Number of protein chains: 2
Amino acid sequence: MPVKMNSRRLEQWFWPALDKYLALHNLKQTRQRKKLIEQFLNLNTHVDAEMLHRKAKDVGLNVGLATVYRTLNLLQQADLVEQHFFKDGRSLYEINPPDEHHDHLVCVTCAKVIEFEDQAIEELQNKVAATHKFKLTAHRLDLYGICPRCQ
Amino acid sequence: MPVKMNSRRLEQWFWPALDKYLALHNLKQTRQRKKLIEQFLNLNTHVDAEMLHRKAKDVGLNVGLATVYRTLNLLQQADLVEQHFFKDGRSLYEINPPDEHHDHLVCVTCAKVIEFEDQAIEELQNKVAATHKFKLTAHRLDLYGICPRCQ
DNA sequence: GGCGCCTATGGAAAGGGTTGTCAAAATAGA
DNA sequence: TCTATTTTGACAACCCTTTCCATAGGCGCC
């Protein structure tokens, strides 16, 4: 079971990391960015652009959808979120704290997602990459099955 | 390295399976379908709709792009091909012979895809599923990295 | 073979997610 | 505060994919 950072730790890691990235790239602190990211951190799950857009409107931030995409792309460039591509053409984004990688176990019946990590698997992946002389940058492992409740 | 069926075995499995599916669903044998699929089998790698469309034109088949998509979707429904979503918003399709699973090592620079299989990883996956009492039905493992030539 | 039903096709249009454009607004530094 | 530069919102443009629709083409039946 992956241990997820609690909210306090998450924020303590995230905001300085973001500030650093912004400063490094001559980017600016803006109200929209801050609010959008606050919402994202609150949710702290897989979100797509449209969900975040709605969530922002809910808390009274009148922000354009384009800005949501720009913000998500920025976060991804900064390696602060991870982008997932799944089976309907839309991307999901997920906060990506350092050293907190996990994979997904997905119930094909109820769509429930369990996160897990397995160090042994990771090591074998590195071995495979090494065999083919690849410099590994990322990976995704999704297991699909039927959860206990749905069986 | 995964062992791929040779061309003869591939065709001996594929065409009867397709015929069976068509018959079962009251679908028809058409020139376009047959030719498109012939090209796909010839290539026998990851293809996207546009590649297949071009390939078909190359051999003198004037087929609409819509038909290419329809054909690929049909094959997927029949479970004769597998659809992949790698990181650029377009889908790749791959012939999917029974009992011939493999995973992917994708170069993030040149988009080259290498196939591999690793029994040890598979076993560990089963173990993970068992831990969570999931009945595993499928999985996908994509490794992303930079290939030797792009480094 | 010919008839009729029903599926398949091509081309164009529509769809849905994402990115680009551009004038106006906001930020950060002097 | 003033100025250079980035960011924003609204909307258009984009790309891949699906849908529409009128026509063409399989396939069973006589």
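The values are calculated or read from the model by the stated rules, or taken from the named source; none is laboratory data. Just so we're clear, the structure is a prediction, and the values are computed from it rather than from any experiment. Please note: Cβ atoms are built from the backbone with ideal geometry, for glycine as well, and neighbour counts cover all protein chains shown.
Considering only residues that are within 10 Å of DNA strand C (Cβ to nearest atom) and over 17 Å from the mean Cα position of the chain (by Cα), which ones fall in segment B:20-33?
B:L22, B:H25, B:N26, B:L27, B:K28, B:Q29, B:T30, B:R31, B:Q32
Which is within 14 Å of DNA strand D (Cβ to nearest atom) and surrounded by 12 or more Cβ atoms within 10 Å (Cβ to Cβ), of B:K87, B:K20, B:K28, B:K55? So that I can check it myself, show each step before the final result.
Numbers: B:K20 fails: surrounded by 12 or more Cβ atoms within 10 Å (Cβ to Cβ); B:K28 fails: surrounded by 12 or more Cβ atoms within 10 Å (Cβ to Cβ); B:K55 fails: within 14 Å of DNA strand D (Cβ to nearest atom).
Criteria check complete, one pass: B:K87.
Note down all Cβ pairs under 8 Å where the first residue falls in segment A:41-65 and is modelled with pLDDT under 95 and small (G, A, S), the second is part of a loop (DSSP other than H, G, I, E, B) and away from DNA strand C (no atom under 15 Å from the Cβ), and they're at least six residues apart or on different chains.
From residues that are modelled with pLDDT under 95 and small (G, A, S), there are no pairs.
Tell me whether segment B:64-74 contains one or more residues that are more than 8 Å from DNA strand D (Cβ to nearest atom) and over 15 Å from the mean Cα position of the chain (by Cα).
Scanning segment B:64-74 turns up at least one residue that is more than 8 Å from DNA strand D (Cβ to nearest atom) and over 15 Å from the mean Cα position of the chain (by Cα).
Check off (1) crowded, with 20+ Cβ neighbours inside 10 Å; (2) facing chain A (nearest Cβ under 7 Å) for B:D103 and give me the number that stays unchecked.
(2)
Name the single residue, out of those in segment B:127-151 being within 21 Å of A:C110 (Cβ to Cβ) and more than 7 Å from chain A (Cβ to nearest Cβ), that is farthest from the chain's Cα centre (by Cα).
Top of the filtered list is B:T131.
From B:V47, B:V68, B:V63, grab the single residue that is buried (at least 16 other Cβ atoms within 10 Å of the Cβ), aliphatic (A, V, I, L, M) and more than 13 Å from DNA strand C (Cβ to nearest atom).
Testing whether each residue is buried (at least 16 other Cβ atoms within 10 Å of the Cβ), aliphatic (A, V, I, L, M) and more than 13 Å from DNA strand C (Cβ to nearest atom) leaves just B:V47.
Do any residues in segment A:66-94 that are touching a residue at least 40 places away in the same chain (Cβ under 8 Å) have Cβ atoms under 9 Å from those of residues that are among the basic types (K, R) and part of a helix (DSSP H, G or I), where the two are at least six apart or on different chains, and which pairs are they?
Qualifying pairs under 9 Å: A:L74/A:R33; A:A78/A:K20.
Return the only residue of A:D103, A:D79, A:D58 being away from DNA strand C (no atom under 11 Å from the Cβ), more than 18 Å from the chain's Cα centre (by Cα) and among the charged types (D, E, K, R).
Just one listed residue meets the conditions, A:D58.
Taking the criterion of being modelled with pLDDT under 95, within 30 Å of B:K135 (Cβ to Cβ) and either aliphatic (A, V, I, L, M) or more than 13 Å from DNA strand D (Cβ to nearest atom) (or both), would at least one residue in segment A:6-15 satisfy it?
no
Taking the condition of being in contact with an Asp or Glu (Cβ under 9 Å, 6 or more places away or on another chain) and either without any contact (Cβ under 8 Å) to a residue 12 or more places away in the chain or outside any helix (DSSP H, G or I) (or both), how many residues in segment B:123-148 meet it?
9
With the requirement that a residue be among the polar types (S, T, N, Q) and touching a helix residue (DSSP H, G or I) at 6+ places or on another chain (Cβ under 8 Å), what does segment B:91-119 give you?
B:S91, B:T109, listed by residue number.
So B:P97 fits all but one of (1) under 11 Å from the mean Cα position of the chain (by Cα); (2) within 11 Å of DNA strand D (Cβ to nearest atom); what number is the exception?
Against the list (1) under 11 Å from the mean Cα position of the chain (by Cα); (2) within 11 Å of DNA strand D (Cβ to nearest atom), B:P97 comes up short only on (2).
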